[in-house]
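See below for the structure under consideration.
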Amino acid sequence: MSDKILIIKTGNTISGLLDEGEDFEDWFIRGTGIDPSRFICSAVDRNEALPSIESVAATIVTGSPAYLTDLAPWNEIAAEYLRELHSRQKPILGVCYGHQLLAWAFGGEVGFHPRGREIGTVDISLSQHSDSDPLFTSTPREFRAQASHLQTVIRLPEEAILLARNDFEPHHGFRLGNTTWGVQFHPEFGAHVMRSYIRERKSDIAEEGLDAQDLLMDVEETPIAAALLERFVEIVDAQ
């Protein structure tokens, strides 16, 4: 049985961070704390082929600058692959765009958030279902996480169990079945990455009536959210 974890890339990070030589997959690999040789990566947005289902033990789906509602053809290719992984109970963690892609793949609805952008270090509250959830079971009911999104899961799939929310975003985390999770927030982002996103979006943020300086001042490291990546690997290795 393969122990490889596939990272499905749905896009790249912002240019300033790319210039530093890092992208989404680097933060996920570092965050899990395991040997990088266990990971393989396919950029579906660049039409890279996805590996055979048999060759992977689990999958992480990244964020993206794209909008899911643009419905680029690769979304359905990725969605079909995720549905097959899910049917075989191979663990899946979708983050930000990956979270939205999972919801859409299983019948949910995705669109622009009616209140606009959520960006910065935000408060997250877990539902009562988190107490028995394999990924969140040891996570405090209240914690902080990094977030950056304009689109959102407007309606969860019918079978989804809501796990996380806050006052701005009602669907920050959900589970399908026993081994598939989506989180709107970014467990892979450190404070430096979050500040870089705020600075990169500074003009848009100002036009939207948000204060970039206040957002920057509020950014902090989010170790509780980050720990979910290690916990996900524990679930994978226990399969």
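The values are calculated or read from the model by the stated rules, or taken from the named source; none is laboratory data. On a predicted model such as this, the values are computed, not experimentally measured, just so you know. Cβ placement follows ideal geometry from the backbone for every residue including glycine, while neighbour counts extend to all protein chains displayed. Remember, those area values only see protein heavy atoms, side chains included, never the ligands or the DNA or RNA. Shrake-Rupley method; radii C 1.70, N 1.55, O 1.52, S 1.80 Å.
If you go through region 62-115 one residue at a time, how many are over 22 Å from GLU169 (Cα atoms), assigned to a helix (DSSP H, G or I) and not small (Gly, Ala, Ser)?
Number of matching residues: 11.
Quickly run through region 214-239 and pick out the residues that are among the polar types (S, T, N, Q) and open to solvent by 40 Å² or more (accessible area, probe 1.4 Å).
Scanning region 214-239 gives a single hit, GLN239.
Going by the structure shown, is GLY31 out of contact with any Asp or Glu (no Cβ under 6 Å at 6 or more places or on another chain) and either modelled with pLDDT of 95 or more or under 22 Å from ARG231 (Cα atoms) (or both)? Give the derivation first.
Working: out of contact with any Asp or Glu (no Cβ under 6 Å at 6 or more places or on another chain): no; either modelled with pLDDT of 95 or more or under 22 Å from ARG231 (Cα atoms) (or both): yes.
No, not satisfied.
Among the residues of region 151-169, write down those that are open to solvent by less than 10 Å² (accessible area, probe 1.4 Å), more than 26 Å from ARG88 (Cβ to Cβ) and in a loop (DSSP other than H, G, I, E, B). Let's see the steps before the verdict.
The initial filter retains those residues of region 151-169 that are open to solvent by less than 10 Å² (accessible area, probe 1.4 Å), namely 151-153, 157, 163-164, 169.
Pick out the ones that are also more than 26 Å from ARG88 (Cβ to Cβ) and you get 151-152, 169.
If the condition is that a residue be open to solvent by less than 10 Å² (accessible area, probe 1.4 Å), more than 26 Å from ARG88 (Cβ to Cβ) and in a loop (DSSP other than H, G, I, E, B), then GLU169 is the only one that fits.
Looking at ILE119, ILE92, which is the one that is over 16 Å from ILE161 (Cα atoms) and either out of contact with any Pro (no Cβ under 6 Å at 6 or more places or on another chain) or open to solvent by 20 Å² or more (accessible area, probe 1.4 Å) (or both)?
After applying the criteria, what remains is ILE119.
Residue by residue through region 71-125, note down the ones that are in contact with a Gly (Cβ under 6 Å, 6 or more places away or on another chain) and of a type outside the set (A, V, I, L, M).
GLY94, CYS96, TYR97, HIS99
Residue-by-condition table, conditions (1) in a helix (DSSP H, G or I); (2) under 27 Å from ASP23 (Cβ atoms):
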{"residue": "ILE124", "(1), (2)": "no, yes"}
{"residue": "HIS129", "(1), (2)": "yes, no"}
{"residue": "THR137", "(1), (2)": "no, no"}
{"residue": "PRO140", "(1), (2)": "no, no"}
{"residue": "HIS171", "(1), (2)": "no, yes"}
{"residue": "ARG195", "(1), (2)": "yes, yes"}
{"residue": "ILE235", "(1), (2)": "yes, yes"}
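Considering only residues that are β-branched (Val, Ile, Thr) and closer than 15 Å to PHE189 by Cα, look in region 1-47 and name the one that is surrounded by the fewest Cβ atoms within 10 Å (Cβ to Cβ).
ILE14
Kindly indicate whether any position in region 3-16 is part of a strand (DSSP E or B), charged (D, E, K, R) and at pLDDT 95 or above. Write out each step before concluding.
Quick first cut of region 3-16, residues part of a strand (DSSP E or B) only: 5-9.
Next, from what is left, pick out any that are charged (D, E, K, R): 9.
Adding the requirement that they be at pLDDT 95 or above leaves 9.
Yes - at least one qualifying residue is present in region 3-16.
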